[in-house]
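Undergrad: Input: one structure, supplied below.
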Amino acid sequence: MGLVAAIGHWRLHHGTADDAGLTAAEMATVLRASLPLAEVPAHAGKALQIRISGEEEEAELWVRADGRGHIEAFDAAPGQLDAFATGDLEAWLAAIVDDEPLVPASGDEGFVRDCLASLHQRLWTPSPS
């Protein structure tokens, strides 16, 4: 999924004027598939709503940190929400690929920041062999 995000990021910056890199639905799929790699033990039990704004569409998903801080993705709210993150495609791609915190957040902003930092680290830091 990191590679898909990187390709989308490249297409956004170097593609044609009508090429958004990824659609909002595709970005939601990247997040849904990759966020379970993130671990945020300090935020165990918290839930987050994620909204992606595309040029012609929006997509959303929800995630929750289980009791050990492992992220689980959902297609509907898993209960009370602790944080909200809404950004356009460029902000989400910058967060995943470049580790730039451009995604606006409300509620528990630390939860959002830690989820994205953990995801970036898991996608781009080589594992010891």
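The values are calculated or read from the model by the stated rules, or taken from the named source; none is laboratory data. Worth saying up front: this structure is predicted, and the values here are computed from it rather than measured. Cβ: placed from backbone, ideal geometry, glycine included. Neighbour counts: every protein chain shown.
Undergrad: Which members of the stretch 22-42 meet the condition of being of a type in the set (Asp, Glu) and either modelled with pLDDT of 95 or more or under 17 Å from Ser106 (Cα atoms) (or both)?
TA: Glu39, the sole residue that qualifies.
Undergrad: Given (1) touching a strand residue (DSSP E or B) at 6+ places or on another chain (Cβ under 6 Å); (2) under 24 Å from Thr125 (Cβ atoms); (3) of a type outside the set (S, T, N, Q), identify the lone condition not met by Val97.
TA: Result: Val97 fails condition (1) only.
Undergrad: Which of the residues that make up the stretch 30-67 are of a type in the set (Val, Ile, Thr) and under 19 Å from Glu90 (Cβ atoms)?
TA: Correct list: Val30, Ile50, Ile52.
Undergrad: Select from the stretch 51-66 the residues that are of a type outside the set (A, V, I, L, M, F, W, C) and either part of a strand (DSSP E or B) or farther than 12 Å from Val40 by Cβ (or both) and list them in ascending order.
TA: Arg51, Ser53, Gly54, Glu55, Glu56, Glu57, Glu58, Glu60, Arg64
Undergrad: Identify all residues within the stretch 89-129 that are of a type in the set (Val, Ile, Thr) and in contact (Cβ under 8 Å) with a residue 60 or more places away in the chain; write none if there are none.
TA: Passing the criteria: Ile96, Val97, Val112.
Undergrad: Could you please give the count of residues in the stretch 89-129 that are of a type in the set (Asp, Glu) and either closer than 14 Å to Gly69 by Cβ or in contact with a Cys (Cβ under 6 Å, 6 or more places away or on another chain) (or both)?
TA: Final tally of qualifying residues: 2.
Undergrad: Identify, please: which residue in the stretch 93-109 is more than 17 Å from Val30 (Cβ to Cβ) and acidic (Asp, Glu) and is, among those, surrounded by the most Cβ atoms within 10 Å (Cβ to Cβ)?
TA: This residue is Asp108.
Undergrad: Could you check the stretch 76-129 and list, in sequence order, the residues that are at pLDDT below 95 and on the phi > 0 side of the Ramachandran plot?
TA: Correct list: Gly79, Asp99.
Undergrad: Another question about this same structure. Scan (1) on the phi > 0 side of the Ramachandran plot; (2) at pLDDT below 95; (3) not β-branched (Val, Ile, Thr) for the single condition Gly45 breaks and write down its number.
TA: The one condition Gly45 does not meet is (2).
Undergrad: I need a count of the residues in the stretch 110-129 that are surrounded by 14 or more Cβ atoms within 10 Å (Cβ to Cβ) and closer than 13 Å to Val40 by Cα.
TA: 12
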